[in-house]
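This report concerns only the one structure given below.
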Amino acid sequence: MSFNIRNIREISNDPLTKFTNSLAKKLSVFLNKQETDKLEGKEDIYSDGQDIDTVLRFNTCNSSQYFGFLTQYFPPTEPDLDKVKLWIKGDNTGNNVNDISGFSNTGTLFGDPVIIDGTPFDYGIHWGGCKSLALKFNRPTSILENAEYINVPDVSMLRVNGIATGISYFIRFRIHDLANQGSRERTLFEKIDDSTPNDAAIATISSDGRIKFYLKRAGTWYRKQTATSTIVAGTVFEVWLTYANSGNTVHIYVNNVDKSLTDPGSDPTLHTTLTNHDLSIFRLGAGSTGGYTYGDFYDIEIMREKVVSATEVGYHYTNKWTIANIPYGAVMISNYWATYVPTPVPTFTTASFTGTSFTR
């Protein structure tokens, strides 16, 4: 079948041109009918193709940066190609989200999350426009509500199993609904390392706003929760969860506050398909039907064999990027920083040019 795409609109008010265009349309219809009549069954023209769903989105989150060459920039600690094993940001849609740690632990996006302006959170790298981006998961208006999450394939560098010093998790998010989903608490992330499982980690948020962190090592659960309600809907939170082998010590830092912790009193509910050891973000793992988080995802970071200190948590909370001691807005970010040039100090002032300022 053949048709001319130019015929879908009028291209001129000239009578002759309009007449020619009309004839072209009629010819296209005639030729299409001829081709269709050659088919043994006219329904074949439809049944030969495979139905697919296609979406085209146009995002308008624009940003700008002015370099006055007055800021001195410093290189961050992360990515270090050592302790930082995973670093995913919620700044793009598609099939995958890249791991910027350098270890290529690429995540797969499921469902139909959408890019949003992450305001009021500000990374400190833009002067104007959109100051941050996030991915909104499981919004009620989505046809795939409670089916949206990130999946990261299982690799040894993301496991609790085998750690000699400890492990740290960072996640930045904004939740929109604290109520249990599918009878499960909203899940920030979950991973098991084996099918028993003997080693695992999971972080959830209770309906009253407590953060719960469970880590299982060598068959023993270490369970902690914030002693009081901590998370509220509609607010961006930056959370560090750390575990140290020495003393089996757990810390939960929320917006740079080392929270008082208690024991939640029971072991967590894990996903049901125990042969699947992948990392799930914003839901329980494979086989489970609950625990999906309706919220905005900004970042997640896993540091293996690194127990982030309270001081480092403070540095990160200040500059929003790294556990290195760098001021806000002075972290070197690829494609966002410029060379520092000191402002020249004038040698002379108007007061210098007086009769007593010079000698002969």
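The values are calculated or read from the model by the stated rules, or taken from the named source; none is laboratory data. Note that the structure is predicted; figures quoted are calculated from it, not measured. Cβ sites come from the backbone with ideal geometry, for glycine too, and all protein chains shown count toward neighbours.
Values as computed for the structure displayed
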| read-out | value |
| --- | --- |
| Some residue of the range 257-264 being free of Cβ contacts under 8 Å to residues at least 60 places away in the same chain, in contact with a helix residue (DSSP H, G or I) (Cβ under 8 Å, 6 or more places away or on another chain) and not small (Gly, Ala, Ser) | yes |
| Wholly within the range 73-170, strands (runs of 3 or more DSSP E) carrying at least 1 residues that are surrounded by 18 or more Cβ atoms within 10 Å (Cβ to Cβ) and out of contact with any Leu (no Cβ under 9 Å at 6 or more places or on another chain) | 84-89, 133-137 |
| Odd one out for Phe297, checked against (1) surrounded by fewer than 22 Cβ atoms within 10 Å (Cβ to Cβ); (2) at negative phi; (3) touching a Gly at 6+ places or on another chain (Cβ under 8 Å) | (1) |
| So Phe58, is it part of a loop (DSSP other than H, G, I, E, B), over 35 Å from the mean Cα position of the chain (by Cα) and modelled with pLDDT under 70 | no |
| Number of the exception - Glu190 against (1) more than 20 Å from the chain's Cα centre (by Cα); (2) surrounded by 21 or more Cβ atoms within 10 Å (Cβ to Cβ); (3) acidic (Asp, Glu) | (1) |
| Leading residue by the ranking (surrounded by the most Cβ atoms within 10 Å (Cβ to Cβ)) among those in the range 60-72 that are of a type in the set (S, T, N, Q) and touching a strand residue (DSSP E or B) at 6+ places or on another chain (Cβ under 6 Å) | Ser63 |
| Pairs where the first residue, in the range 222-248, is touching a residue at least 12 places away in the same chain (Cβ under 8 Å) and the second is part of a strand (DSSP E or B) and of a type in the set (Asp, Glu), C-beta under 8 Å, 6+ apart | Val236/Asp296 |
| Residues of the range 119-141 that turn out to be more than 18 Å from Asn335 (Cβ to Cβ) and touching a residue at least 40 places away in the same chain (Cβ under 8 Å), as a count | 9 |
| Scan of the range 171-183 for residues that are not in a strand (DSSP E or B) and not charged (D, E, K, R), ordered by number | His176, Leu178, Ala179, Asn180, Gly182, Ser183 |
| Yes/no for Arg283 being in contact (Cβ under 8 Å) with a residue 40 or more places away in the chain and over 17 Å from the mean Cα position of the chain (by Cα) | no |
